[in-house]
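The values are calculated or read from the model by the stated rules, or taken from the named source; none is laboratory data. Treat the numbers as computed from the prediction; the structure is a model and nothing was measured. Cβ placement follows ideal geometry from the backbone for every residue including glycine, while neighbour counts extend to all protein chains displayed. To get the accessible areas, we keep the full protein, side chains included, count just its heavy atoms, and leave off ligands, DNA and RNA. Shrake-Rupley method; radii C 1.70, N 1.55, O 1.52, S 1.80 Å.
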Amino acid sequence: MDRADVLRAGDLNLVEVLRHFARSQPAGVVHEEAGIVCFAGSPVWPGPFDNGAFVLAARVEPREAVERATRFFDGLRPGYCIWSAEHHDPGVARAAEAAGLVSMGEGPPQMVLDHRLPDAVAPEGVQLRPVVDDETRRDYLAVLADSFTTTQGTPAEVLEGNFGHVDALHGPNVRAVVASLDGEPAAGAFVLVSHGVAGVQYVGTVERARGRGLGELVTRWVSNAGFDLGARIAALQASEMGEPVYRRMGYETVSRYSFWMGPAPH
């Protein structure tokens, strides 16, 4: 893929991830019109991966795109985010700012990997288990509860809604893995393949197991699982903690996303 294709395919895969999470929520709603994708996931969390709008290919002016997103969320969710990126039309960010939405500052880098890595090999005392049943699903949720709920504040019910059933984690285009340390869930990661991209998401390590390379281990596993499912590249939106790990693995930054939070304050 050339750079333009990498950026476009990355956007398309990311939007499919956002759809997947919203569809998995019991009260989730996905709405598309005029190249604008609106996704309403958990009603209790306004985070950009849970409630937001992504302008894929606007068939209307940026101001109208922001207005349509605002109308979609009015009365549906208490908060939402509009996505923008360095490689997007800057008019969307300008329109969001003009409408009174609040910038959340610099967002995560979009990082990509263009080749399969050597297989993940678990060190002594660590076991890698694909998520294929309710037991491994709950082990993965236990990892997320420690790494996202405890340290980042993501409500546990958001995670349970996103991954409430095994088919949200294991299917024709999705995989997940749990690394257990001395028999206890310690790390995990998820991947969704679409548009030639393996979208890596929800990489977490419990606090007691950090510094052992388990985050890299599970990221390697799901990245390779994505390539094995037919992806041409892997992509992720890196956290500040994860970025140096992914860079060591061979992921490279190609762009950066940012978010505008609504509704506008009165």
So the carbon and sulfur contribution to the accessible area of the chain, 1.4 Å probe, in percent, is 51 percent
Helix-only estimate, please: 222 nm mean residue ellipticity of the chain, summing -39500 (n - 2.57) across DSSP H runs of length 4 or more and dividing by its residues, to the nearest 500. -9500 deg cm²/dmol
Taking +1 at the Cβ of each Lys and Arg and -1 at the Cβ of each Asp and Glu, which of Ala120, Val102, Leu169 sits farthest along the dipole of the chain towards its positive end, judged by Cα position relative to the Cα centre? Val102
Compare the Cα positions of Ile36, Ala4, Val15 along the charge dipole of region 1-67 (+1 at Cβ of Lys, Arg; -1 at Cβ of Asp, Glu; about the Cα centre) and return the one farthest towards the positive end. Val15
Given a 1.4 Å probe, the accessible area of the chain per residue, as a whole number of Å², is 44 Å²
Take the Cβ-Cβ distance between Ala4 and Arg208 as r, set R0 to 45 Å, and report the resulting FRET efficiency rounded to the nearest 0.05. 0.55
By the scheme Lys and Arg +1, Asp and Glu -1, what is the net charge of all other residues having a beta-carbon under 14 Å from that of Pro172? -2
Ranked from the most accessible area to the least, with a 1.4 Å probe and all protein chains present, what is the order of Tyr80, Tyr202? Tyr202, Tyr80
Which order do the peptides 25-32, 257-264 take when ranked by the mean count of other beta-carbon atoms within 10 Å per residue, highest first? 257-264, 25-32
With +1 at each Lys and Arg Cβ and -1 at each Asp and Glu Cβ, the charge dipole magnitude of the chain around its Cα centre, to the nearest 20 debye, comes out at 220 debye
What length, rounded to one decimal in nm, is gained on full extension from Thr150 through to Arg138, with 0.36 nm per residue of separation minus their alpha-carbon distance? 2.7 nm
Let me check I've understood the local charge: for Met249, count other residues with C-beta under 15 angstrom from its C-beta, Lys and Arg +1, Asp and Glu -1. What total comes out? -1
From the P(r) of the chain, can you give the percent of Cα pairs sitting at distances over 31 Å? 22 percent
May I ask you to list the trypsin sites (Lys or Arg not before Pro) in region 42-80 that are in a DSSP loop and have at most 12 other Cβ atoms within 10 Å of their Cβ? Arg59
With T = 25 °C, eta = 0.890 mPa s and Kirkwood Rh from C-alpha pairs, the Stokes-Einstein D of region 1-156 in µm²/s is about 138 µm²/s
Sorted by accessible area (1.4 Å probe), largest first, how do Thr150, Thr253, Thr219 line up? Thr150, Thr253, Thr219
Using the membrane-span-like helix rule (whole DSSP H runs, Cα extent along the own axis of at least 20 Å, mean Kyte-Doolittle hydropathy at least -1.0), which helices of the chain qualify? 3-24, 214-228
Rounded to two decimals, the Debye log10 I(q)/I(0) of region 100-243 (Cα scatterers, no solvent) at q = 0.18, 0.20 Å⁻¹ is -1.04, -1.27
